[in-house]
Amino acid sequence: MIKILHLSDIHMGSGFSHGKINPETGINTRLEDFVQTLSLCIDRAINEPVDLVLFGGDAFPDATPAPYIHEAFANQFRRLADAKIPTILLVGNHDQHSQGNGGASLCIYRTLVVPGFIVGDRITTHRLSTRNGDIQVITLPWLNNSALLTRPETEGLSVAEVDRLLLEKLQPIIEGEIRRLDPDIPTVLLGHLMADRANLGAERFLAVGKGFTIPVSFFIRPELDYVALGHVHKHQNLNQANNPPIIYPGSIDRVDFSEEKEDKGYIFLNLIKGKVEWKFCSLPVRSFCTIKVDVSEKDDPQQAILDAIKKQEIKDAVVRLVYKLRSEQLELISNLALDKALKSAHSYTIRPELISQLSRPRLPELGVGNTIDPLEALQAYLNNREDLQDIAEEMLETAQGLMDN
């Protein structure tokens, strides 16, 4: 039975705006949070001990992190080398230069020939000997168009056509790796990619135009015992039949408020040929808390805001307070009072939003015998949504088309 710890998307150095400088260390507290979270993963790997650690990519926010951030990452992974635990560091999209060439932030581990460390920066199969037997790991790093295609091949093609061509190029490459596998040894595919069944949640807008989507069917193969993925920050299993499990562990800490509701952690699994047992292990990460309140119709708007704050558990949390009010209510709000109410938070931001009196809905009164045209209702709604003005005309045209059908 081979024990494996699978983690991904560390993004060490992210979210500094949600932290503050620790006066004792001179380091941003959010970096300290990320280091602490990573250390818990490494602790589990060493204390178990596991036979292999798989990192699914995106070590930092970009390919050239500051030296002190790189050092914080290296200090943790060096513990695996000292414990003689083999580790594969896969190259993700954030680990590459903007041109998509190489794994700039991780290549130092290959250059220094760190014992037991493999940098997965190309599609190939690695055979490793562990304390509890041999294992094969196919590495599939983040792929850009230039990785598989030449400029003449893509000239004049739409995005969808380029994506289809990429898949046509990738499929025989993966097939070639699978055909060279030893059928008697357990096999894992480690990939940093966007799978077509992935539930992105609040991240869905970040995925647009940032790489192509690979069908999950690519990986539902009897030769594969486990598919370890990285890139999507929300933990999920894309193949509930578990033949094989296709797992995103998600990021190990919250990068921003889009991940406010997500549980964070890593995957621990036991693997033999033809059988795998896996478990998602939650990590105790700092909570994020959004407080939204509309006080535009309140006689005492400040008290309404304070009451909303009291209802939330904000101690040591990263908090954002968003309240809506009318312009004439501004003088009724004391920032000092809000600062005092939010004092127990780790950090906080306060964002008032003014409601224009001119933007109030002007809809006919609805009652018995009264109706309103759906398009008029949609137009009134869009008139009150400044954030939708750039697509308002398209929405109206689409609605008209639906009604005409």
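Worth a mention:
- Local net charge near Leu170, Cβ-Cβ under 12 Å (Lys/Arg +1, Asp/Glu -1): -2
- Span-like helix check, the chain: qualifying full DSSP H segments, with Cα axial length of 24 Å or more and mean Kyte-Doolittle of -1.0 or more, are 29-47, 159-179.
- Neighbour counts of C-beta atoms inside 10 Å place Leu140, Leu224, Leu40 in the sequence Leu40, Leu224, Leu140, starting with the fewest.
- Note on the chain: antiparallel DSSP beta bridges, both residues inside, total approximately 35 percent of the bridges counted.
- The Cα atoms of the chain cover 73, 62, 39 Å along the three principal axes, with the biggest extent listed first.
- Low-density loop positions, trypsin sites (Lys or Arg not before Pro), the range 1-89 - DSSP coil, at most 12 other Cβ in 10 Å: Lys20, Lys84
- Simple label model, 7 Å out from Cα along Cβ direction - Glu175 to Lys310, nm: 6.8
- Measuring spread by the Cα atoms of the range 3-76 yields a radius of gyration and Dmax of 13.1, 40 Å.
- Taking label positions 7 Å along the Cα-Cβ direction at both Arg326 and Thr154, the computed distance is 5.4 nm, reported to one decimal.
- Mean separation of Cα contacts under 8 Å, 6 or more apart, over the residue count of the chain: relative contact order %: 14
- Applying a threshold of 29 Å to the alpha-carbon distances of Lys234/Lys292; Lys279/Lys343; Lys84/Lys261; Lys264/Lys324; Lys169/Lys264 flags Lys279/Lys343; Lys84/Lys261; Lys264/Lys324; Lys169/Lys264 as lying beyond it.
None of the figures in this text is laboratory data; all of them are computed from the coordinates on show. Since the structure is predicted, the reported quantities are computational estimates derived from the model, not experimental observations. In this analysis, Cβ positions are derived from the backbone assuming ideal geometry, glycine residues included, and neighbour counts consider all displayed protein chains.
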